[in-house]
Every structure is written in C-alpha cells, then in structure tokens.
Amino acid sequence: MTAAPLARETAPHSFLTDLLTGHLDWPRWRGFPRPDRAEQERGDRLVADAREYFAARVDADGADDTRTLPDGLLDDLRRRGYFRLVVPEELGGLGLTPYTAFRVIAQACAHSVAVGQVVAIQNGVGAAAMLPALPPGPLRDFVGGRLAAGTLSGFGDTDRSGQNNARPTLTATPVDGGYRLRGEKLFTGNGPVADLIGVSATVPGEKGPKVGAFFLDTATPGFSVGSRVEFMGSRGLPNASLVFDDVFVPAGQALLDPDGDQLPPDVGLVALLGRIHFTGAPAMAVARNCLAWSRDFIARRTIDGRPLGAYDEIQRTATATLGQVYAMESAVRWSLLADGLADRWFERFATKNLLVRGAWRIVDRTVSLHGGEGFETAASKRRRGAVPVPLERAFRDARGLRIAGNVDFQLDNQLGRMLLAHFRAAARPDALPRADIRATALAPANQEHLRALAELVRLLHELVAGLLRRHPDPDRMYAEERTVVLLGRIAAELFNAVAVLARAGAADPAEAPDPWEEQELADLYLVEARHRLAGFLARLREESGPDHAKISRRWLAGSHDRLVRH
C-alpha cells in the first residue's frame, strides 16, 4: 500500500520532470506555492485552538509514563472535530486541505506526539483519508456514513512477516456475498480503540492472487484485538495486533482493482499523504520544539562567565537547526500545496524521509547541545528544580518516526526504483542543453547554489541514463540495492535543496519585512545539503569496494566469530 504507482504528470510543476529532462526549469519553481489568505487565516485559528486545547487537556508526561491516553480524550477529540479534519463538509467534517490538516496535526504533536498521532492516523491513513480513493458505490457510502457519525478508524497494512512483501499474509477468501478474512495484522495504530478498521489482504483466485482493501466494523464477529503493542517512543498511542478469525466482510465493503493484482492506484497516492501526516507532522513538531528549547538553553547558560551563544560551535549548532527547519517547511509547502491527489506525488514520497531525517538530525544535535540535561528525563529535571524540557522523550519519539510507515532506507529504495522506472518509460534523449538559470531575486551566495543545483540535476540525469544503458535488465539493476538507495536519497536531497531556493526567492516582503533573512536561512541549509549530496554522489560513483555479500555470508555462517568474540 505504501508504494506510489507510475503516475502521469499533472498541471503543477514537479521535480520529477526536471530529473527526466536533466533541465532545472527554474521559471516554474519561481511561483513557489503559498496558501490563499482565507485558508492561511483559517489554519492560523485552528492551530491556535489546538495549541490551547492540547496544552490544557493532555498531560504529555503522564501519557508517556503510563502509556495510556487521558480518560475521555477520544470522546473529546470526536466532539471537537479532530476526527473529521479532512472529511468533506457535506459529511459534517471540516474539509481541510492537506496542508492545513498538516499544520493542525503538527500542533497537536508539539504537545504530545502520541496524542497527535491518534489524530494523524484518522485523517492520514484511516477511513477519513481513504475516502477520496473510494469510487462511488456501496463502499464509499458505507465509509462516508461511518465518518458522518464520527467514527474513529485505522488501517492495518503490516503482517507478522513484515511490510515489504508483495502480498499480505492476511487472506480474504471469496464466499457467497463477500469474503472471509483469516490472519493477523501487526502495528496497527488506533487498532485497539477504532470503531472501523481497513486492512489489506490477499484474495486467491483462478487467475492468480490479488491484493484488496477491506473495511469492517470492529464489532464484527471473529474480529479481536490480539496484544497491545508498545514502542520506545510514541508512548500512549493505541497500537495493537489485530486477529481476524473467519471475519465475514460483505462484497460492498471491499476495494479491488478490476484491472490489476494490486490495490487501485489512488490508494497508494492516499498513502503518500498519510505518511506525511502520520510521521512528517510529528517530525516537524519535534524539530520546532528542539529549535525553541535550544534557544532557551543557550540564553540561560554561560561557560566561565561567557554567554553560551558567544561560542562559535554553539552558533553553528543553532544555525544548522534553523536552516534544517526552514528546509523541512519548504518541502511540506511544495508537496502539499497542490490540489490533485496525483499532483507532485514524487515529492510527497520523498518528503516523509526528508522530514523524519531532518528531525533526527535536529534532536540528536539538541541532545548534544544540552549535554547531561539532554539525556536526562523531564521527571528527573523536575525533581531537582531544573527546567523540565522533555528532550529525552522527543529523542525516543523521533527515532520511531524513521521506521514508521516503512523504514527510511527502504523508502529510498522504492523512490530510486520509481525514478528508474520513469526514466525507462520516458525514453528521453541523452544529450540535453544546460539549464539557463536567471535568478535576480536571489542573493549572490544563493545564485551560486542555484547554478550548482542545476548542474547536479543534469549530472543525476546523466548518471541514471548511464546506469540504464549498462543495466538494461530492471531486475538486475534493482538487485544493486545500494545504488538504487543512493539514487533515491540523492533525488530527495536535491528536491529539498531546490525547494528551499525557490521559497527564499519567492519570499513576500509583506510577510518577511527583511526577505534577506530567508536568503540567509537558505544559504545555511544549502551549504550542508551540498556536502551531503557530494558524499552520496561519491559513493554512487565507486567502481569497486568491499565485497559485502561475501563478508556477510561468512559472518552469518559464523566464520568471523573469532574476530569479534569477547
């Protein structure tokens, strides 16, 4: 469910087009998206309401310590409309755009990641999110009716065998009038408290197995919650394994692609948005919290009578975090401020990793900045009268985000595969003109960054074209997983870098009285981003290296034990 299909480009400009042509179409980037004034103001009100409500209603430390939600919270969230952020207004929802919903979820996560993720699952991967992917008919009516009634939902996509198998081990056997579900789902957020559950399952058939999605009330006979699942982070998030023991699902509550053996393409496109809401919004919350905590810590500390902020390395640590947050926000705005479900799907796929890795860099850096206080729990700080910054909890939460919605390196692998597939389908010529870059709105340092990024776009195009010439067999190309992973990572980093420049170049003086401040943030980020890109490209160009396959085979057979034995 998590992989996006091959999708045609739609009206909004996409970075994928630039990669396929090897030409950075800078004029198309200069119109960097921004929400219209009415939507911005509506979002501001909702974010302010969420800030006040969650701070007053949720004891974040208590939820983390007890691993449970506050009593009555789910009913409160239902009444206040948090389970209907993206539900159409005609069904009683708020009908928020993906970008505004992201803002609200991030604010909820800023107080408690676990509580915010309850809201994110409902609006990102649950029934509310799935509604746009459902065709008119009985299933859409069934799900829409439940949403209008305020139901809480989740979606189970992971089996005990893992998430990256081609077919789920949960089976849906056709019977008279519907299907019988047998098996188990694992790591299902909202699973223990949901009224409605969607799951992916394999349907056997004469023409071969198919993968479908099935929706059922949790009161259906044969359905049960297996064991609660607990994580080192996101403590308090209701999560569980779910058991399906001959659960009957009517045919009208099933979604299958009549023309293929996988879920319909729109389901994959919905999943891209869901990952950003469920993992990206918490990552943004962690990053922004760390930014605020870092500023407060630097302001209150001195070393030998000298303000901490006067030291060069501290200044560099702080500005690295500033630049990273700016870049994360830039990726979100470019990816989510598009109308269609298929618009900028390539960027949406990349944005999950950009956000969770950005948050991880920031929280790791912030722990180092705080020293012993960074590793100390909030409860311990409170006991000794120190500022009870919950940085230890944020560290645990941030690490979990890198594996939620599929582990980060596997998403790089999938993005690299899709890039290669589109190159094959596009059949572009190898020789392409260099991009004509004109960016008078950029500061000199950023103009140089733009020229360098345009050259990197051309270089990546040539590298991919060369790989495809040397490896015409897709399966053999995909077997070189490190190469494919690096392609995905380079493409994502390059997209974020271009988005940062485009945002800085389009800064509105009415919103930023000194637009050069955005130019400075862009320069901060791009210096570091270009270093990362140079490292990835150097690895990609390596013609030889250690024989990892041979070494790992020997180690798995035990032949290296003597070298690492205590």
*Evaluate the following for D195: is it open to solvent by 10 Å² or more (accessible area, probe 1.4 Å), under 23 Å from L273 (Cβ atoms), touching a Lys or Arg at 6+ places or on another chain (Cβ under 9 Å) and of a type in the set (D, E)?*
yes
*Considering only helices (runs of 4 or more DSSP H) fully contained in region 468-559, which possess at least 1 residues that are modelled with pLDDT of 95 or more?*
481-505, 516-540
*Could you check how many residues of region 271-293 are within 13 Å of the chain's Cα centre (by Cα) and either more than 19 Å from G116 (Cα to Cα) or without any contact (Cβ under 8 Å) to a residue 60 or more places away in the chain (or both)?*
0
*Grab the helices (runs of 4 or more DSSP H) fully contained in region 68-128, keeping just those with 2 or more residues being open to solvent by 10 Å² or more (accessible area, probe 1.4 Å), over 18 Å from A55 (Cβ atoms) and out of contact with any His (no Cβ under 9 Å at 6 or more places or on another chain).*
73-79
*Among the residues of region 238-270, write down those that are open to solvent by less than 20 Å² (accessible area, probe 1.4 Å) and closer than 30 Å to D71 by Cα.*
P238, N239, A240, S241, L242, F244
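Among the residues of region 233-241, is there at least one that is touching an Asp or Glu at 6+ places or on another chain (Cβ under 8 Å), closer than 27 Å to R402 by Cβ and not in a loop (DSSP other than H, G, I, E, B)?
Filtering region 233-241 for residues touching an Asp or Glu at 6+ places or on another chain (Cβ under 8 Å) gives 233-236, 239, 241.
Of the ones still in play, those that are also closer than 27 Å to R402 by Cβ are 233-236, 239, 241.
Then keep just the ones that are not in a loop (DSSP other than H, G, I, E, B); that gives 239, 241.
Yes, because at least one residue in region 233-241 is touching an Asp or Glu at 6+ places or on another chain (Cβ under 8 Å), closer than 27 Å to R402 by Cβ and not in a loop (DSSP other than H, G, I, E, B).
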*asked:* Being part of a helix (DSSP H, G or I) and among the small types (G, A, S) is the filter here; which residues of region 299-356 pass it?
replied: A299, G309, A310, A318, A320, G323, A327, S330, A331, S335, A350
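Please indicate, with yes or no, whether at least one residue in region 247-258 is farther than 21 Å from I105 by Cα, in a loop (DSSP other than H, G, I, E, B) and without any contact (Cβ under 8 Å) to a residue 40 or more places away in the chain.
From region 247-258, those farther than 21 Å from I105 by Cα are 247-258; that's our starting set.
Remaining after also requiring in a loop (DSSP other than H, G, I, E, B): 256-258.
Adding the requirement that they be without any contact (Cβ under 8 Å) to a residue 40 or more places away in the chain leaves 258.
Within region 247-258, one or more residues are farther than 21 Å from I105 by Cα, in a loop (DSSP other than H, G, I, E, B) and without any contact (Cβ under 8 Å) to a residue 40 or more places away in the chain.
Filter region 1-26 for residues that are hydrophobic (A, V, I, L, M, F, W, C) and surrounded by fewer than 17 Cβ atoms within 10 Å (Cβ to Cβ); which is modelled with the lowest pLDDT? Lay out the reasoning, then the answer.
Start the filter on region 1-26 by keeping residues that are hydrophobic (A, V, I, L, M, F, W, C), which leaves 1, 3-4, 6-7, 11, 15-16, 19-20, 24, 26.
From the residues that got through so far, the ones that are surrounded by fewer than 17 Cβ atoms within 10 Å (Cβ to Cβ) too are 6, 11.
Details: L6: 41, A11: 61.
The selected residue is L6.
The values are calculated or read from the model by the stated rules, or taken from the named source; none is laboratory data. Just so it is clear, the model here is predicted, and its values are computed rather than measured. Heads up, the Cβs are rebuilt from the backbone with ideal geometry, glycines too, and the neighbour counts pull from every protein chain shown. Protein only, heavy atoms only, side chains kept; ligands, DNA and RNA dropped before computing areas. Shrake-Rupley method; radii C 1.70, N 1.55, O 1.52, S 1.80 Å.
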